[in-house]
Amino acid sequence: MKATNKTIQDINVHYHKTTQFKTVFFSVKFIGRFLPETVNARALLPDLLLSGTRRFPSKLQIQKELNRLYGTDIQVHTSKMGLNSVISFDMTLVNGEFLPGKPQLLEEAVQLLSEVIYHPKRIRNRFRKNRFDEEKRQLREELEADYHDKVSYAFSRFRKQMFQDELYRYSANGDLESLEEVTLERIEDCYQTMCFSDQVQIYVAGDFDEKLCDHWIARYFFGSKKAKISDWLDRETRPVTAMRDIEEFGDLNQSRIIVGFRSGIESADNLYYPMSLFNTLLGESDQAKLFLKIREEYQLSYDISSVYVPNKGVLMVMAGVDNNKEEETIAKILEVIESF
């Protein structure tokens with residue numbers, strides 16, 4: 001694989017040329033500051049953009065065009081990296097070299113992706129209210145569904161408690177408590193910020209003509225000279241003087257336990273690799289020490305694992321246990337960690 005990095009019209013472009021795959025991956029990422037007041041707007045925006053363009057004004061028409069391009073697929077999502085909010089438009093398509101007549105699919109697909117981003121279907125320079133209401137309804141249902149998924153709900157509550165004064169308490173997928181505050185005007189402001197203030201990065205992987213790709217990126221996309229990226233590492237923290245024990249009760253037969261540790265070891269730290277190895281040995285598989293001890297030997301949990309978040313410097317241990325076994329399980333978890 002040959003990797004090339006360059007700048008085209010204020011866009012950071014990353015090429016990874018390889019003949020290993022029969023598809024081409026083309027991703028456009030808009031990187032801006034992660035802010036509580038724009039969490040929901042940035043979560044809604046990519047799906048709203050994918051709901052229709054000027055040339056293909058409905059999701060169905062966009063899908064028909066993607067089908068015509070031999071099943072090209074576009075996925076959109078919003079994520080959080082450090083203190084940044086990242087809106088991603090990821091496209092995967094078949095390399096035309098493997099199709100009859102060897103059609104040049106990549107340019108057509110890149111043009112379509114550009115239209116999704118820069119030429120959405122709007123009325124009088126405003127997003128359509130019916131589409132906005134529909135995407136907002138769907139997001140609300142997705143966030144409400146987390147309550148019925150007790151694993152997701154427990155993790156959401158854990159984040160809000162452990163990181164209550166930090167941005168990490170918010171999920172990039174949206175915040176149900178403030179969702180109703182999102183308006184068309186806020187979505188429009190968010191869209192303008194994304195297009196004209198966010199840093200743009202494009203990643204292309206596969207077997208493609210680099211010069212042609214340079215030309216298409218210059219033709220269909222643009223960056224911002226004033227774009228600024230926040231820290232990729234989330235260094236927001238607070239002093240820990242004692243372990244906090246927070247319990248919530250419900251009509252359930254099983255309890256979810258989440259134990260969080262602030263290691264202070266981030267991906268730029270010299271101890272990053274030892275910390276990653278420690279997490280692997282601790283709880284990343286059914287051969288890890290937590291699983292073998294807590295589940296197999298002590299038979300205290302149905303499942304147990306650990307997760308290390310290097311951008312935050314946090315280690316978390318998660319387990320599902322019978323009611324009334326929480327304290328014993330936590331004590332054994334701490335014993336296992338101290339045994340290293």
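The values are calculated or read from the model by the stated rules, or taken from the named source; none is laboratory data. Just so it is clear, the structure is predicted and the values come from calculations on it, not from any experiment. With ideal geometry, Cβ positions are generated from the backbone for all residues, glycine too; neighbour counts draw on all protein chains shown.
Assorted remarks:
- Complete set of residues in the range 242-293 that are among the hydroxyl-bearing types (Ser, Thr, Tyr) and either touching a residue at least 60 places away in the same chain (Cβ under 8 Å) or within 17 Å of Met162 (Cβ to Cβ) (or both): Ser255, Ser263
- Pair list, Cβ < 6 Å and 6+ apart or interchain, from the range 325-340 residues that are under 12 Å from Val259 (Cβ atoms) to residues that are assigned to a helix (DSSP H, G or I): Lys332/Ile294; Val336/Lys289; Val336/Leu290; Val336/Lys293
- Evaluating Ser285 against the criteria (1) closer than 24 Å to Val317 by Cα; (2) not in a loop (DSSP other than H, G, I, E, B) leaves one unmet condition, (2).
- Filter result (outside any loop (DSSP other than H, G, I, E, B) and either over 18 Å from Leu334 (Cβ atoms) or of a type in the set (Ser, Thr, Tyr) (or both)) within the range 259-274: Tyr272, Tyr273, Pro274
- Of residues in the range 98-109 being surrounded by 14 or more Cβ atoms within 10 Å (Cβ to Cβ) and over 15 Å from Gln63 (Cα atoms), the one farthest from the chain's Cα centre (by Cα): Pro103
- Selection count, the range 295-324, where residues are free of Cβ contacts under 8 Å to residues at least 40 places away in the same chain and farther than 16 Å from Glu284 by Cα: 5
- Condition check for Ile117: surrounded by fewer than 19 Cβ atoms within 10 Å (Cβ to Cβ) and among the aliphatic types (A, V, I, L, M): no
- Tyr302 vs. criteria more than 17 Å from Arg159 (Cβ to Cβ), not in a strand (DSSP E or B) and not small (Gly, Ala, Ser): no
- Of all residues in the range 282-317, those satisfying the criterion of being under 30 Å from Leu83 (Cβ atoms), among the aliphatic types (A, V, I, L, M) and in contact with a Lys or Arg (Cβ under 7 Å, 6 or more places away or on another chain) are Leu282, Val314.
- Note on the range 28-52: residues that are in contact with a Ser or Thr (Cβ under 6 Å, 6 or more places away or on another chain) and either more than 21 Å from Leu176 (Cβ to Cβ) or outside the structural domain of Val76 (by TED's automatic domain parsing) (or both) amount to 4.
- When Ile202, Ile229 are screened for being in the same structural domain as Pro103 (by TED's automatic domain parsing) and of a type in the set (Val, Ile, Thr), only Ile202 passes.
- Options Asn311, Asn324; residue that is surrounded by 15 or more Cβ atoms within 10 Å (Cβ to Cβ), at pLDDT below 95, among the polar types (S, T, N, Q) and not in a helix (DSSP H, G or I): Asn311
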